[in-house]
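No value in this document is a laboratory result; all are computed from the given coordinates. The structure presented is a predicted model; accordingly, all values stated were derived computationally and were not measured. FYI the Cβ positions are ideal-geometry reconstructions off the backbone, even for glycines, and counts take in every protein chain you see.
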Amino acid sequence: MASELLIDVRDLVKHYGAIRAVDGISFQVRRGDVLGFLGPNGAGKTTAMRMITGFIEPDRGSVSVAGFDMARHSLEARRRIGYLAENAPAYGEMTVRGFLGFIAAARAVDDAETAIAKVVTMTGLRRVEHQTIDTLSKGYKRRVGLAQALIHDPEVLILDEPTDGLDPNQKALVQGLISKLAEEKAIVLSTHILDEAEKVCNRAVIISEGRLLVDSTPEGLLARAPNHNVIRVTVEDPAEDLIMVIGEQAWCRTVVRRGESGFDVVPADGGNHLPELLPLLEGRIIHSVHLQEGRFDELFRSMTQGVSA
Amino acid sequence: MSRFTGFDAVFRREFQGYFSSPLGYIFIVIFLVASGYLTVSRDFGRFLELRQASLDPFFSAIPWIFVVLVPAVAMRLWSEERKTGAVELLLTLPVTLPGAYLGKFIAGWSFLGFSLLLTTPVAFQAERLGNPDWGVIATGYFGCLLAAGAYLAIGMAFSAATRSQVVAFILGVAGCVLFLLIGLPQTQQVIGSIFGGYVEQVAASLSVVDHFDSLTRGLVQLGTLFFFAAFTLGWLAAGMLVLDRTKAS
């Protein structure tokens, strides 16, 4: 049985003057999903997130959060969302604890003290909880933003570049936290870090020029990557006859020479043809044979080429 | 759930904010020094020289002090939020725009009211000089509070329109000065001579000072109360409209 639908985005359109910032985006996110929002700068990710969280109204289309339509029942929908906006805005003159207290009050959290203590522990803010936010490092500020997004234990989390500016340890902490929360929530996170999408997300969409280009699992996306299932071979003597034989196979689209002793075998159907290739290499001195999975960044570049300058 | 959801939380945060930073205290000190100076100065109020049990010198100074100091209180209310992006945080919480806007307005107004309260020793000084009319003093203070609210609403609307506190302050002062100057007899004469008597009357009816003066004379008229209510609510509505349209820019 499919898990509960928590975010339903249908045909969102938003113009800024003559510019169509978001152009008919539709997708759904269910409980347990971590959806990666990928795209170059200016692709429309932040605009789409702002419409999902109710900060701006779409020119067309609808957003429903946990069954509440954002246009008609905005407060009910917003109660169910935890939102970390781009650059983790906060009130810098407040202490971490004071700020979280304000968020808890605005969200009418029943037991604010317990909720604050819980998110302070979850996000590792104990050491700085009495410090003013302006005095914190970028990493801590982002964790404060994450803490405020989690304080009411929302069903839906919208995170705009949650690990931007964090050091590797902090990144790992936040990514671990997202993975831990994923089971019981629907999470949408935008990121420029493709490794992160691969590690944390079980679904990913690529947006470019306001349009949704692809919506798939990370595995599905990798299958579309230009180098997916390309076999990289390095042999002692890559004679022309060997390359010709491989090139004549029905499953092979082309063989690309790579330096003195190597070549790449590109499959015609994107499938894994390593078992068919290995017998053809018998009797050769093989240095290495590597089946490439494909890379997110190659797919990203190939799909969004020319958009981000 | 109401149209003003979130008002309490925003009000508390903003009001406490005035006392958790040096800015609030600096404002109070400048306000007390300026109002005290203009009240007792030999060049302006001559409160001590006149030796009258009246706060007229003090009330005459207040609109001039407010045109500068109230926009200073108002300038950061929204422009700072827009500059830091905190407006996105605030307006994606389950708070309504009127709830957030009025929460900030009432907090700023309460702070101005508190600052006015600190000037009451001047009223007790008047009692030492004779037998003041406490009713007139009370309506005068009421007028100060209403004028502060009206100016604050103007300043907030300009704060909502820009990300720059400096621009918000300059526009706020300009707006407040405009509604101060159109009440002066000299300005009304000029308006009357250029546009005729009807426009002069309309301009006079929009003057904060005219309505304020009637309160400092002890006259609490329905028209005056209606003017301040309509003027303040009008600017608040305009500010909300502007904020709603510009918040994401």
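Assorted remarks:
- Nearest-0.05 FRET efficiency for A:Asn202 and A:Ile243, computed from C-beta distance (R0 51 Å): 0.80
- Of the Cα atoms belonging to the range A:123-263, the radius of gyration and Dmax stand at 22.5, 73 Å.
- Given charges at beta-carbon only (K, R positive; D, E negative), |dipole| of the range A:5-223 in Debye: 180
- Mean Cβ neighbour count within 10 Å, used as a protection proxy, ranking A:118-129, A:285-296, A:138-149 highest first: A:138-149, A:118-129, A:285-296
- FRET efficiency, B:Val29 to A:Asn41 (Cβ-Cβ, R0 51 Å, nearest 0.05): 0.65
- Taking 7 Å steps out from each Cα toward its Cβ at A:Glu4 and B:Val199 produces label points 6.4 nm apart.
- Here the convex hull built on the C-alpha positions of the protein assembly as shown has a volume of 208 cubic angstrom per residue.
- Förster radius 35 Å - calculated FRET efficiency between B:Phe142 and B:Arg51, Cβ distance, rounded to 0.05: 0.85
- Under 30 Å from the Cα of B:Lys247 - lysines, other chains or at least 8 residues apart: A:Lys14, A:Lys45, A:Lys138, A:Lys141, A:Lys185, B:Lys83, B:Lys104
- In percent, rounded to a whole number, the relative contact order of chain B is 25, using alpha-carbon pairs under 8 Å and six or more apart.
- Relative contact order computed over the range A:218-309 (Cα-Cα under 8 Å; 6+ residues apart), in percent: 44
- Largest first, the three principal axis extents of the alpha carbons in the range A:5-223 are 44, 39, 33 Å in whole numbers.
- Cβ charges +1 (Lys, Arg) and -1 (Asp, Glu), total dipole of the range B:7-248, debye: 460
- Evaluated over the range B:82-137, the Cα radius of gyration and Dmax, each in Å: 19.5, 57
- Averaging Cα coordinates gives a centre for the range B:101-138 and one for the range A:29-104; these two points are 43 Å apart.
- Test item: A:40-50 mean partner chain Cβ contacts at 10 Å: 1
- Chain A: DSSP helices with Cα axial extent of at least 30 Å and average Kyte-Doolittle hydropathy no lower than 0.5: none
- Distant alpha-carbon pairs in the range A:1-83 (separation over 19 angstrom), percent: 35
- Geometric descriptor of the range B:79-216, per residue, is 151 Å³ (volume of the convex hull of the Cα atoms).
- Euclidean distance between Cα centres, the range A:188-266 to the range A:140-181, Å: 31
- Shown in residue order for the range A:12-18 are the 3J(HN,Hα) couplings computed by the Karplus curve 6.51 cos²θ - 1.76 cosθ + 1.60 at θ = phi - 60°: 6, 9, 9, 10, 10, x, 7 Hz (x for Gly and Pro).
- Taken over the alpha carbons of the range B:7-248 as equal point scatterers, the Debye sum produces base-10 log I(q)/I(0) values at 0.10, 0.15 Å⁻¹ of -0.50, -1.05.
- Neighbouring Cβ atoms from other chains, within 10 Å of the Cβ of residues in A:80-91, number 4 on average.
- Residue mean of other protein chain beta carbons inside 10 Å, A:33-39: 0
- Computed from Cα atoms, the angle from the helix B:185-195 axis to the main principal axis of chain B rounds to 70 degrees.
- Based on Cα contacts under 8 Å between residues 6+ apart, the range A:5-223 shows a relative contact order of 30 percent.
- Computed label-point distance, nm, for sites A:Leu281 and B:Ile65 using a 7 Å Cα→Cβ extension: 8.8
- Rounded to the nearest 20 debye, dipole of the range A:231-292 from Cβ charges on Lys, Arg, Asp, Glu: 240
- Nitroxide proxy distance, nm - points 7 Å out along Cα→Cβ at B:Glu127 and B:Leu206: 4.2
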